[in-house]
Amino acid sequence: MTFQNELINWYLINKRDLPWRHTKDSYTIWLSEIILQQTRVEQGLPYFNTFLENFPSVSDFASATEAQVLNLWQGLGYYSRGRNMHATAQLVVNNYNGTFPTLHDDLIKLKGIGEYTAAAISSFSSGEARAVVDGNVFRVLARYFGINTAINTPEGKKQFFKLANELLFREDSALYNQAIMEFGAIQCKPKSPKCSICPLNIDCFAYRNNVVNQLPVKLAKAEKKNRYFNYFILTEGDKILVRERKKRDIWQHLYDFPCIETEMLLDGNDLDFVESVKNIFGNNAEITFVSYKKHLLTHQIINVQFFSLKNYIFNSSKHEELNWVSLNTLDELPKPNVIRNFIEENF
DNA sequence: AACTCGGGGTA
DNA sequence: TACCCAGAGTT
């Protein structure tokens, strides 16, 4: 049997029942595909349901504010996905009369939609013959065909993309694309793949040559950098001082607290640190250490310290990114998880 | 072509 | 701890 037929047979028996597989509506499929970028199905599923419930159509999505969208996106990470979705929803309403595109060449022009997502939406919604190449596909092809070109290089991407499109089962691209991704996700897994019970193991290069755990090849990435965020908790009655993150950095357009970033981990008594705090919050400011948290991201290690501040003097007109909000309002603002957890534990 | 963008599951 | 996840945008 061919590689393609083996995959499809395996899929028809072993597939999970996932809501976005019951529709050909390109808007619904778009929602699922953006949410699932670099995100496990189990993690994205509740977000998919929430978004579909809040925004049943693309015009509902377009009518929302960006803050509403980011609020629903809280905790899912890669927040530019939410912002790009909002912009794309508005563009679809304005330029496509509210009908979400289904063709690859239209989709690829939209914000947040790259080669993978354009192939996925077009094949799932209109049956267009475009092969998806995601992390699952890289792994399945590298192992089965014994390809040791690094997948995170331009040559690797080109080679895998070419092979994927040659292999595509054009009579039903949607079925084949679903099959190869599902196979990678639950059978040909990154760690502990179920090779001994795999229906494709007879012709699998990696299995026959005992190199399953050496494929796919990926070039080492840059070392994680440590960063040190020192947050200050200022309260005034039932108000608290928050900062909107406007710069191009992590958590753009989310909210946290006034912050001094330092080059290393400092304690609240460090002289230079106290000096810079008093420069902003007045000479009488009293700094009290509250808690420390190590927050791990893919490319950074954020060392977060929280300090409470008393006897401060603060001129808000000098800091337009800082604003007093009530605790109720704070609940409704989109925040990174480390901030949300701190509020949960302290307020 | 290299960096940057989160958060969580897995072994 | 290290790796990976239905990748995309920027420089």
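The values are calculated or read from the model by the stated rules, or taken from the named source; none is laboratory data. From a predicted model like this one, the values you see are computed outputs, not experimental measurements. When we count neighbours, we look across all protein chains shown, and the Cβ atoms used for this are built from the backbone with ideal geometry, even at glycine. Heavy atoms of the whole protein, side chains included, go into the accessibility calculation; ligands, DNA and RNA do not. Shrake-Rupley method; radii C 1.70, N 1.55, O 1.52, S 1.80 Å.
Segment A:263-292 and segment A:222-239 have Cα centres lying 12 Å from one another. Note on residue A:346 and residue A:194: with the Förster distance fixed at 35 Å, the Cβ-Cβ geometry gives a FRET efficiency of about 0.20.
When the pairs A:158/A:191; A:158/A:335; A:221/A:335; A:278/A:335 are compared against a 32 Å limit on Cα-Cα distance, A:158/A:335 fall above it. Roughly speaking, what % of Cα-Cα pairs in chain A are separated by over 38 Å, rounded to a whole number? Considering chain A, 32 percent of its Cα-Cα pairs are separated by more than 38 Å.
Dipole orientation for segment A:225-346: of the candidates A:276, A:338, A:314, A:338 has the Cα lying most toward the positive pole (charges on Cβ; Lys, Arg +1; Asp, Glu -1). Do any of A:109/A:294; A:109/A:318; A:293/A:318; A:109/A:293 go past 31 Å between their Cα atoms, and which? Listed pairs above 31 Å: A:109/A:294; A:109/A:318; A:109/A:293.
Residues of segment A:304-347 falling in the label zone of residue A:294, defined by backbone nitrogen less than 15 Å from a point 7 Å along Cα to beta-carbon, are A:304-305. The orientation-averaged projection of the convex hull spanning the C-alpha atoms of segment A:135-177 amounts to 3.0 square nanometres. Modelled this way, with points 7 Å down the Cα-to-C-beta line, the labels at residue A:329 and residue A:39 are 2.8 nm from one another.
The alpha carbon centroids of segment A:157-213 and segment A:293-315 are separated by 44 Å.
Give, as ranges by residue number, the residues of segment A:68-107 whose backbone N falls under 19 Å from the point 7 Å along Cα→Cβ of residue A:337. Inside the label zone: A:70-83.
How much of the accessible area of segment A:225-346, in percent, comes from carbon and sulfur atoms when a 1.4 Å probe is used?
Carbon with sulfur: 44 percent of the solvent-accessible area.
Averaging the sequence gap over all C-alpha pairs within less than 8 Å and six or more residues apart, then dividing by the number of residues, gives chain A a relative contact order of 15 percent. Per residue, the accessible area of chain A comes to 53 Å² when a 1.4 Å probe rolls over the protein heavy atoms.
Computed about the Cα centre, the dipole magnitude for segment A:3-214 is approximately 660 debye when only Lys and Arg (+1) and Asp and Glu (-1) carry charge, each at its Cβ. With a Förster radius of 56 Å applied to the beta-carbon distance between residue A:236 and residue A:91, the computed FRET efficiency rounds to 0.85. Computed from point charges on the beta carbon alone (+1 for Lys and Arg, -1 for Asp and Glu), the dipole magnitude for segment A:225-346 about its Cα centre is near 340 Debye.
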